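Structure first, then comments.
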Amino acid sequence: MTENHRTTYKEEATELLADLEASLLELEENPEDTEIIGRVFRCLHTIKGSGAMFGFDDIAAFTHEVETTFDLIREGKMAVTGELIGITLSTCDHIRSLLEASDGGPEPDKQHGDGLIASLKKLMPGIPDSSPPEDPEQIDETSNEDFANPEALEVTYRIRFRPERHLLTTGFNPILLLNELREFGPCKVVALIKEIPPLDEIDPEECYTYWDVILTTAHGTNAIKDIFIFIEDVCELTIDIIDDGETTEEEEPPKIIPPNHKRLGEILVEKGDLRPEHINKALSAQKPIGQLLMEAGVVDAGLIESACAEQAHIKEVRRSRQVNETISTVRVPADRLDTLVNLVGELVTVQARLSQLAALENHSEIISVAEEVERLTEDLRDNVMNIRMVPIGTTFNKFKRLVRDLSAELGKNVVLETVGAETELDKTVIERLNDPLIHLIRNSVDHGIEAPGAREAVGKPPHGTVRISATHSGAFVLIQITDDGAGLDKEAIRDKAVAKGLISPDVELSEKDIFSLIFTPGFSTAEKLTSISGRGVGMDVVKRNIEALRGSIEIESRKGAGTLITLKLPLTLAIIDGLLVKVGQGQFIIPLPIVQECVELTPVEKARSNGRDLAYVRGDIVPYIRLRERFLINGQVPDIEQIIITGACAGKVGLVVDQVIGERQTVIKNLGKLFQHVEDISGATILGDGKVALILDVPKLVEAEIDVSQGTCIH
C-alpha cells in the first residue's frame, strides 16, 4: 500500500467525518427521517470499509461497532435520541483522533473509545455485546449490509471494471471490491481474460484481467462508485442501468416489427400451414448466435459468457432504459492549485510588461498581440480564481456542532441558523477565517444569549438564536453574526474604558466608537470570565486576523435586543484589480472595489476649505488624507492634485495623490517578515516596468487618522 493511497484515505475520511457530523445534527432535529439515517450509515460504512482496505484496522474495528448501532436504527429496532446523537458525535472525535495518530499525533485513549462503544451498547434494546472482528476483511463480509432505502425499487446495473495494468503494485486487491459488490444484491461476475498474454510473456505484477458485473440492487449509482472511490483514477469504470425495476417479465414490451414485415414462421402459422411447435422444433435445431460468432473468430468465449450472463439476468429483471454514468469532478491537491495561482500571477506581471512595451514601441501588430494576450490572461485569471472559490457552507456546518456542545455545557437552549451557505470565497480566506468565526460564535453563545429563565423573565422565548449569514457585496463578502441575546451595555463599556485609562471621563464618543473599545487588548466587561469566552477577551486577536485578510469588522448592538457583528472580506487574496497612482517618485495601488470616483483638487478648492482637509464633491463634504504628508514624500506639489474618493470609514474618504495612472491587474506579494509591522500597507506588486508599487490598506490608513477623542473620522 503506497503512502499516497493512505493520504487519500485520510483526506476522504476527514470529509466524511464532516458530512457525518452535519448529518447527525440534522438527524437530531428530524429523528424519523430515514434518508438522513441512511446517509449517516453510508458515511460510517465507507469510513469502515475503506479503512480496512487501506490498513487502518483500528478505525475499521471501531467504526464497525458504531455502524452496527445505526443498522439497528435503520431496521426500526432502535430509536434516535439526543443521548445517542451526543455519543455518536463523540465517536466522530475519536475517529478523528485515530486519523491524527496515524500522522504521528498523540495516541487516543483506548479506554475512552471502549467506553463510547459500551455507552452505545447500553442503548441497544436487548442486543447482546459483540466484540469487533479481528480480521478487517471479516468486517466487510459480516457488516457490509444493504443501506439503501428499503422502499426503493431494485435496479439492475451493468458494470465494467477495467483496472490499469499496474494496479496490483499499489497494494489493491480487486477481488475485495468485487466481493463488496456481491453484498449489494444478486450479482453475476464474469472475468474477461482475453488480454492475458502467453505464459512466457506474463509479468506477474501486472493485472491483465478485467470484469463484467451484472448487479441488481436498491443502492444507487453513487453507492457503487463509493466502492471504487480510492482507485477511480487508476481504472476504467462504466456503470450502465439496464433495468429500472419497473418492467416485469409479464410486462415485456412488444417487439417492434414494421408493418407488412412479419416473420416467415408467423405468416405460415396464421395461414394454418404450420403449427407453432413445428417452428420451435426447427429453431431449436439451429446453432446459438454465440456459438456461430465464436466459430467465425469474431469474439472469444469470455465475451460470449459475459453477454449470456447479462441475458440470463435480464430474464429475471426486465430492462427498459440505459444510462451512462460519468465522473464529473476531479480531485486536485491544494498545493498544485496554489502553484497554478502563483504561475497565473507571474503571467499577469509578464502581460503587464508586454502591454507597456507595446505602448512604448507604438507598433500596431505588437499592440494587437498584447491586447489578445491581455484578454486571454484575464480569462485565465478569472477561471483559476473561480477554481479556488469554495462554498462557505462547509465552514458553517462545523459551527452547528460547536453551538450544540456549548449549549449543553452552559445549560442554555441555543439554535444556530445559517443563511447563504452557497456563497463562495477563496479557500485561503475560508481557512484563515475559521478561528475568528469560532471565537465570535462562542462569545455570542456564552456572553450574548441569556439563560432560559432570564429570557422568559423579559418576555423572550426560552431558546436563543444565533444566526450566521453570508452574502456577496461587489468584490467583497459580508458575513454577519447575529444573536438575540442581552446585547452590549454602552455605559458599562464606557465605564470600564475610563477605569482602565483608555479614555478620559469627559470625552464624548459615538456609539460605534464605544463598541470599538472591546477590540482593545484585554478589555472585558465580564465580572467573571469563563473557560469558554469573555466578551473582549481575544477580540483584539479577532480584529487583527480579520485585518490580516484585508477585511474589516463592525459591531452594532442594542441592549436587551441582541448584537450584530459584520465582517467585510475580499473574495480573494491573490490577484485584485487596482488603481495605480503616483505621489512624487512613489507609486501606489488602491484596491479598485473601494474606489468610487476621482476628482481634481484645484487651488480654488483648497482655498474654499480654509486650511482644512475637506473637499466639496457635488454638495457633500468629503474629508481627505494627503498621501504625500502621510508618507513624508518630498518634491514639488503639482498645481492640480487628484482626490481618489473611497468608501472607507463611516462614509466617503478621499486620498490625495499627484497623478492617477490607470487600472492595473495586481498580483499581491507579501512584504516579508522585516516589514510585517508596517502600517497602512497590505502588500506590494511588481509593475510592467519592473518597479515595485505598494498596495495601500485603506481602512487602516483611515483608521490611523481617526481621533477617537472627538468621535469623528478625519480632522
Exercise for the section: Considering every residue within the range 651-669, establish whether at least one is without any contact (Cβ under 8 Å) to a residue 24 or more places away in the chain and under 23 Å from Ala475 (Cα atoms). Expected result: yes
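Those residues that are modelled with pLDDT of 85 or more and either touching a helix residue (DSSP H, G or I) at 6+ places or on another chain (Cβ under 6 Å) or not in a strand (DSSP E or B) (or both), I need them from the range 576-591; list them, please.
Residues satisfying the conditions are Gly578, Leu579, Val583, Gly584, Gln585.
On the given criteria, is Leu16 modelled with pLDDT of 90 or more and within 20 Å of the chain's Cα centre (by Cα)? Talk me through it step by step, then tell me what you get.
On the way: modelled with pLDDT of 90 or more: no; within 20 Å of the chain's Cα centre (by Cα): yes.
Against the criterion (modelled with pLDDT of 90 or more and within 20 Å of the chain's Cα centre (by Cα)), Leu16 does not qualify.
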Problem - Residue in the range 592-629 that is farthest from the chain's Cα centre (by Cα), counting only those that are within 12 Å of Val657 (Cα to Cα) and part of a strand (DSSP E or B) - result: Leu601
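Mind counting the residues in the range 76-115 that are of a type in the set (A, V, I, L, M) and either under 18 Å from Glu15 (Cβ atoms) or free of Cβ contacts under 8 Å to residues at least 12 places away in the same chain (or both)?
First pass over the range 76-115, keeping only residues of a type in the set (A, V, I, L, M): 78-80, 84-85, 87, 89, 95, 98-99, 101.
From the residues that got through so far, the ones that are either under 18 Å from Glu15 (Cβ atoms) or free of Cβ contacts under 8 Å to residues at least 12 places away in the same chain (or both) too are 89, 95, 98-99, 101.
Residues flagged as of a type in the set (A, V, I, L, M) and either under 18 Å from Glu15 (Cβ atoms) or free of Cβ contacts under 8 Å to residues at least 12 places away in the same chain (or both) within the range 76-115 amount to 5.
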Exercise for the section: Considering (1) in contact (Cβ under 8 Å) with a residue 24 or more places away in the chain; (2) of a type in the set (Gly, Ala, Ser); (3) assigned to a helix (DSSP H, G or I), say which one Ser469 fails and leave the rest. Expected result: (3)
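Condition check: part of a strand (DSSP E or B), aliphatic (A, V, I, L, M) and modelled with pLDDT of 85 or more. Does Leu632 satisfy that? Can you show your working first?
Numbers: part of a strand (DSSP E or B): no; aliphatic (A, V, I, L, M): yes; modelled with pLDDT of 85 or more: yes.
No.
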Fill in the blank from the handout: Picked from the range 57-106 (must be assigned to a loop (DSSP other than H, G, I, E, B) and within 27 Å of the chain's Cα centre (by Cα)), the residue surrounded by the most Cβ atoms within 10 Å (Cβ to Cβ) is Gly105
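Limited to the range 667-678, what total is found for residues that are modelled with pLDDT under 80 and in contact with a Gly (Cβ under 7 Å, 6 or more places away or on another chain)? Let's see the steps before the verdict.
Of the range 667-678, the ones modelled with pLDDT under 80 are 667, 669-678.
Filter again for in contact with a Gly (Cβ under 7 Å, 6 or more places away or on another chain), leaving 667, 669-671.
Adding up the residues that qualify gives 4.
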Exercise for the section: State whether the residues of the range 360-367 include one that is at pLDDT 85 or above and touching a helix residue (DSSP H, G or I) at 6+ places or on another chain (Cβ under 7 Å). Expected result: yes
Exercise for the section: Could you tell me whether Thr91 is touching a Gly at 6+ places or on another chain (Cβ under 7 Å), among the β-branched types (Val, Ile, Thr) and modelled with pLDDT of 90 or more? Expected result: no
Handout entry: Selection count, the range 180-201, where residues are under 21 Å from Lys225 (Cβ atoms) and loosely packed, with under 14 Cβ neighbours inside 10 Å
Key = 0
Fill in the blank from the handout: If we keep only residues of the range 378-411 that are in contact with a helix residue (DSSP H, G or I) (Cβ under 7 Å, 6 or more places away or on another chain), assigned to a helix (DSSP H, G or I) and aliphatic (A, V, I, L, M), then the residue farthest from Ile85 (Cα to Cα) is Leu380
Practice task
For the range 690-698, state whether one or more residues are within 32 Å of the chain's Cα centre (by Cα), modelled with pLDDT of 85 or more and of a type in the set (Val, Ile, Thr).
Solution key: yes
Exercise for the section: Inspect the range 233-244 for any residue being modelled with pLDDT of 85 or more, in a loop (DSSP other than H, G, I, E, B), closer than 30 Å to Val155 by Cα and assigned by TED's automatic domain parsing to the domain that holds Glu154 and give the result as yes or no. Expected result: no
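The values are calculated or read from the model by the stated rules, or taken from the named source; none is laboratory data. Predicted model only: the values in this text are computed from it and were never measured. Positions of Cβ are generated from backbone atoms using ideal geometry, with glycine treated the same way; all protein chains shown enter the neighbour counts.
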